[in-house]
Every structure is written in C-alpha cells, then in structure tokens.
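Input: a single structure, listed below in structure tokens.
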Amino acid sequence: MKLFKPREIVMPGEGVAMLADAIRRVEQPSRRAFLQRSLSLGGLSLLTGCSADSQESIETALGAISRLNDRAQAFLFDPARLAPTYPESMITRPFPFNAYYGEDEVRSIDGAAWRLELSGLIGARKPWTLAQLRALPQQSQVTRHICVEGWSAIGKWGGVPFAHFLRLVGADLGAKYVGFKCADDYFTSIDMATALHPQTLMALSYDGQPLPPRYGFPMKLRMPTKLGYKNPKHIQAIFVTNAYPGGYWEDQGYNWFGGS
C-alpha cells in the first residue's frame, strides 16, 4: 500500500495558511507535537473549512480530529492481541522518570496508611490495603513504555492483573469507562476493553522490587497497549462509570483513547 508523503498533498493557499495558523495557536509544546502528528489528510480537509482568524473554529476542528482518532483507535483495538514482550537483558537502565512535574516533587506516600478507594459501578466498594493487593495473584511483564514526546523505554513490571481485580470487586464489565484519581493530583480514564486486557496490570513492583516512589508507589496502572500518559501513578481511587471522565492531559487536547 502506497503511503502519502507530505509533499504529495496539494492544498489551496488558504488551506496551507490555515494549517500553519492552527499549529501556531496550540500553546503546549507536547500537545503541539501530538496534534501535528494528528493532522492527516482527514484533518486537513476539516481545517480548510475553518476561518483563518477564528481560534474557536480551529480548536473545534482539532477536537473533531481527536475524536475521530479516538473512534478509529477503539475500532481497531483488539482486546486479545498482546503487546510485544522482551528479555530482561533489554531493560532500560535506569528507566526514565516522567511526569508533569520534576523528580524532586515526587509524592511521598505512607504505604501502611494508604488505602485504594473504589466507587461507581462496583459491587464491593470496601477500601483495599497494599498488603491485601500484594496477597492477590501476581504476574510480571517486560514491556515497552512509549511516551507521546517521542521516546520509549523497556521495563519490568509486576502486579495484579486488572481484569482479575475488577471481577473480584464486582465491577460492571459492561460499563464504558474506568477512571483513576492519583495522589499527585493526576487523573485519567480508560475504556473497559483496555481495562480487561490481559497485560493491563495494577503494578506493585518494578524490576523485582517494591514499586519505587519515582515510578508510582504504592501502585500504578501499567498498560503496554497505551501511551505513557494513560498509565497513572500513585493511584488512590478507582471508579467505574458510563459518564465520560476525561483526564489531565486529555482535557488539554490529547487523544482520549491514547493507544500505542
């Protein structure tokens, strides 16, 4: 199948100016890079219908592209298809720290006092301690973390299969969304199909040791089928819902589905 290259796209002068203006007006650097990759043939055709001096119309077009990408990714997602795994010899050392704040601002959490709160469409909503989670069946994976900023790293994660936990607490597996609230004020949400994917882990360890604070102690969600910003750290609460929950970066323009 022949792929179109940017120089093969023929647009009227107004459309070229529109595209340049749209990219200029996206303020966040990471969001700008993300949206530039989203401006495919379909995105260009949407933008040519905008007014060049209208920030609102440009943002509307960009939002439409993002929603189209979400629907396409959800349609193509195969809940039975596994992400690649790697030998431990390929682990990236040290595994990079990544967050919307600096490493000197990593949250300090008392693991003994920590409780995982559950709400929404869940039958058994009692809080869980770290010790109780560690007592559940565990599995490990050596998978690649892919960041929207363009880098990737391979790490070894261990923890509770999220599908097992959701069934254990009586979550409504027919619901649309699973949301997460974190101790570092981060929040995000995922689709139920990804929540039930066999490689989606409630990660409690990294490289055979308890999960370090820089990687999300006491628990993060590890999903090799999602981009890095969809993998929340320092999780304090999980909820299941049919109402769209959004997310920290998603509310600023990132694709919600965020598949890798």
Restricting attention to segment 77-117, and to residues there that are of a type in the set (Ser, Thr, Tyr) and over 16 Å from Cys147 (Cβ atoms), which single residue is nearest to the chain's Cα centre (by Cα)? Thr85
Residue within segment 203-223 that is over 21 Å from Arg93 (Cα atoms) and among the aliphatic types (A, V, I, L, M) present: no
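Looking at this structure, is Gly150 on the phi > 0 side of the Ramachandran plot and in a loop (DSSP other than H, G, I, E, B)?
Working: on the phi > 0 side of the Ramachandran plot: yes; in a loop (DSSP other than H, G, I, E, B): yes.
Taking the combined requirement at face value, the residue satisfies it.
Suppose the filter is crowded, with 24+ Cβ neighbours inside 10 Å, of a type outside the set (D, E, K, R), at pLDDT 95 or above and in the same structural domain as Val169 (by TED's automatic domain parsing); does Leu227 pass it? Quick ask: steps written out before the conclusion?
Numbers: crowded, with 24+ Cβ neighbours inside 10 Å: no; of a type outside the set (D, E, K, R): yes; at pLDDT 95 or above: yes; in the same structural domain as Val169 (by TED's automatic domain parsing): yes.
No, not satisfied.
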Can you pull out every residue in segment 74-102 that is of a type in the set (Asp, Glu) and at pLDDT below 95? Asp78
Scan of segment 146-162 for residues that are surrounded by fewer than 19 Cβ atoms within 10 Å (Cβ to Cβ) and either within 16 Å of Ala195 (Cα to Cα) or aromatic (Phe, Trp, Tyr) (or both), ordered by number: Trp151
Name the strands (runs of 3 or more DSSP E) wholly within segment 166-255 that hold at least 3 residues that are touching an Asp or Glu at 6+ places or on another chain (Cβ under 7 Å)? 235-241
Close pairs (6 angstrom Cβ cut-off, 6 or more residues apart or separate chains): within 16 Å of Gly208 (Cα to Cα) and in contact (Cβ under 8 Å) with a residue 60 or more places away in the chain in segment 152-174, surrounded by fewer than 17 Cβ atoms within 10 Å (Cβ to Cβ) and not hydrophobic (A, V, I, L, M, F, W, C) anywhere: Ile154/Tyr86; Ile154/Thr92; Ile154/Arg144
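The values are calculated or read from the model by the stated rules, or taken from the named source; none is laboratory data. Being a predicted model, the structure only gives us computed values, none of them experimental. Because the Cβ atoms are built from the backbone with ideal geometry, glycine has one as well, and the counts that use them run over all protein chains shown.
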